[in-house]
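Heads up, the thing below is written out as structure tokens.
The values are calculated or read from the model by the stated rules, or taken from the named source; none is laboratory data. None of these values were measured; they are calculated from a predicted model. A quick note on method: Cβ atoms are made from the backbone with ideal geometry, for glycine too, and the neighbour counts reach across all protein chains shown.
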Amino acid sequence: MKIIIAGDGKVGATLTRQLSAEGNDITLVDANPKVLAATEETYDIMAVQGNCATMETLEQAGVMEADLLIAATSADEINLLCCLTAHGMNKRLHTIARIRNPEYTDQIVKMRDTFALSLTVNPEKQAAAEIERLLKYPGFLKRDTFAKGRVEIVELRVDRDSKLCNQALNDLDSIIKCKVLVCAVLRNGTAVAPDGNFVLLEGDRIFVTAPSNNLTILLKSLDIITHKVKRVLLCGGGRVSYYLAKLLENSGIAVQLIEQNYEKCLHLSAMLPGVCVIHGDASSESLLDSEGIADCDALVTLTGLDELNMIISLYGTSCGVPQVITKLGRVGNSHILNSISIGSTISPKDLCCNTIVRYVRAMRNQTGAALAVHSIADGQMEAVEFLVDKNTRYIKEPLKKLTLKKNVLVACIIHELKQEIPNGDSFYQIGDTVIVVTSVNKVIYQLNDIFAE
């Protein structure tokens, strides 16, 4: 499939890497020749320098032959004009625009057809929603939702005092007291697809599939005591903070927001009248102490600097904050992140890219396309949700009779309102939803792709 990506920033670079690896024909457009040259040397793509919102540049990029345009520049207005111009030149073109400004949210929904948008993505809004979900279950490092919220894959860390430490997976049922499946383990930075004899060790990060109503049982069984979050301290007054503060305010949670820029503080105070906005440096220990960091239920670091977020999160952990969440723009070195106590990590870029990749795969495979795609285990594995239809092979056949490709696991089957962690006798039928976990070097476009030929 021929795809034009406009903008070679964090999102654009990540999409270039992932979509080119999946065999798509990528043309990257950016106004900065140095950035383009570096990306072109790394990946097998075509690069075009210029303003992506002009007909001339789009024509050079091959818009007339393209199937999809992804506009991910730093300016919402350019992204909108780029999509509008490109669609005017090629009526069959699909367009995706990254729109981040909260002021545009409502009108983009109402004017989606006017701007010729197939899909809009808002990384900051997605990140805020993800953080809010983590705050509801403080014991988890990450939560990915499937089947309209009925099934989740959650991430936990195995600490020295954990009941899971030095336990074989075959023995988990007696410990956890509910049906779950450990679908992946991250050990020393490497993802492993474990079998029942696999023994969990201190420092492992495990990814557990479970029906959503089992999550509370899971936490209680592991003696992970979770208190309802009543007060949250946000560091940084960017877009993620705005969206998150609004969500938390609507849920009745007290929010304190620290921002260094005075004009931004005034703007946030006007937009968030129920939030306590504090003008100051979020990296100042004295300020954090005076605002009661040791007594808050959760700390979320959302400044524009990864290093600053990590330092503040480390201080929050040292103060005994029960839940710490750290926003990271770059999550390249997982070994460093695993060795420091910065709680859960959130990457707006990765959340946004997952949404776009799912759309691209659906375009490539209209029948039986994935309903959801989530990266897990530091991007080394994927969890993909499919709907079973009349074209799916082996309907009503027990799983023990099927031969799956290597490193492919059926993690959950949803029959109408019932969620099943499968065993060898489990089967699926038309209308069911199936969640599959696989290594990223095996792209699963449809459910039939999981079977060995």
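The selection criterion, being surrounded by fewer than 19 Cβ atoms within 10 Å (Cβ to Cβ), at pLDDT 90 or above, among the basic types (Lys, Arg) and part of a loop (DSSP other than H, G, I, E, B), does not hold for Arg112.
As a summary of the residue check, Asn391 satisfies the conditions (1) at pLDDT 95 or above; (2) more than 18 Å from Ile153 (Cβ to Cβ) except for the one numbered (1). Pro123 fulfils the conditions (1) of a type outside the set (S, T, N, Q); (2) surrounded by 22 or more Cβ atoms within 10 Å (Cβ to Cβ); (3) under 24 Å from Arg361 (Cβ atoms); (4) modelled with pLDDT of 95 or more except for a single criterion, (4). Counting residues in segment 410-422 that are among the polar types (S, T, N, Q), outside the structural domain of Asp173 (by TED's automatic domain parsing), more than 22 Å from Ile206 (Cβ to Cβ) and in a strand (DSSP E or B) gives zero. Going by what's in this entry, would Ile312 be described as modelled with pLDDT of 95 or more and out of contact with any helix residue (DSSP H, G or I) (no Cβ under 6 Å at 6 or more places or on another chain)? Yes. Is it the case, given these coordinates, that Val360 is touching a Lys or Arg at 6+ places or on another chain (Cβ under 6 Å), surrounded by 17 or more Cβ atoms within 10 Å (Cβ to Cβ) and either at pLDDT 95 or above or not in a loop (DSSP other than H, G, I, E, B) (or both)? Taking the combined requirement at face value, the residue does not satisfy it. Selection of segment 423-451 for residues being under 18 Å from Ala210 (Cβ atoms) and either assigned to a strand (DSSP E or B) or among the hydrophobic types (A, V, I, L, M, F, W, C) (or both) yields Thr433, Val434, Ile435, Val436, Val437.
Report yes if Ile444 is among the hydrophobic types (A, V, I, L, M, F, W, C), without any contact (Cβ under 8 Å) to a residue 24 or more places away in the chain, surrounded by 11 or more Cβ atoms within 10 Å (Cβ to Cβ) and not assigned by TED's automatic domain parsing to the domain that holds Asn213, otherwise no. In short, no. Among the residues of segment 116-172, those that are touching a residue at least 60 places away in the same chain (Cβ under 8 Å) and touching a Pro at 6+ places or on another chain (Cβ under 7 Å) comprise Pro123, Glu124, Gln126, Ala127, Pro138, Arg150, Val151. Selection of segment 210-245 for residues being among the basic types (Lys, Arg) and surrounded by fewer than 17 Cβ atoms within 10 Å (Cβ to Cβ) yields Lys220, Lys228, Lys230, Arg231. I need the full set of residues from segment 10-26 which are at pLDDT below 95, outside any helix (DSSP H, G or I) and either over 20 Å from Ala86 (Cα atoms) or acidic (Asp, Glu) (or both), in order please. Scanning segment 10-26 gives Glu22, Gly23.
Okay, residues lined up against (1) within 16 Å of Cys352 (Cβ to Cβ); (2) assigned by TED's automatic domain parsing to the domain that holds Arg239; (3) small (Gly, Ala, Ser); (4) over 26 Å from the mean Cα position of the chain (by Cα):
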| site | (1), (2), (3), (4) |
| --- | --- |
| His87 | no, no, no, yes |
| Arg98 | yes, no, no, no |
| Glu103 | no, no, no, no |
| Ile108 | yes, no, no, no |
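Within the bounds of segment 195-209, is there any residue that is in contact (Cβ under 8 Å) with a residue 12 or more places away in the chain, in contact with a Lys or Arg (Cβ under 9 Å, 6 or more places away or on another chain), charged (D, E, K, R) and within 22 Å of Ala383 (Cβ to Cβ)? Checking segment 195-209: at least one residue is in contact (Cβ under 8 Å) with a residue 12 or more places away in the chain, in contact with a Lys or Arg (Cβ under 9 Å, 6 or more places away or on another chain), charged (D, E, K, R) and within 22 Å of Ala383 (Cβ to Cβ). Filtering segment 335-352 to residues that are assigned to a helix (DSSP H, G or I), at pLDDT below 80 and out of contact with any strand residue (DSSP E or B) (no Cβ under 8 Å at 6 or more places or on another chain) leaves His335, Ile336. Quick one: Ile325 ticks every box in (1) at pLDDT 95 or above; (2) surrounded by 15 or more Cβ atoms within 10 Å (Cβ to Cβ); (3) part of a helix (DSSP H, G or I) except a single one, so which number is it? Single failed check for Ile325: (3). In segment 55-83, the residues that are buried (at least 17 other Cβ atoms within 10 Å of the Cβ) form Cβ pairs under 8 Å with partners that are aromatic (Phe, Trp, Tyr) and not in a helix (DSSP H, G or I), at six or more places apart or across chains, as follows: Leu80/Phe115; Cys83/Phe115. Restricting segment 263-284 to residues that are in a strand (DSSP E or B) and in contact with a strand residue (DSSP E or B) (Cβ under 6 Å, 6 or more places away or on another chain), which is surrounded by the most Cβ atoms within 10 Å (Cβ to Cβ)? The selected residue is Val277.
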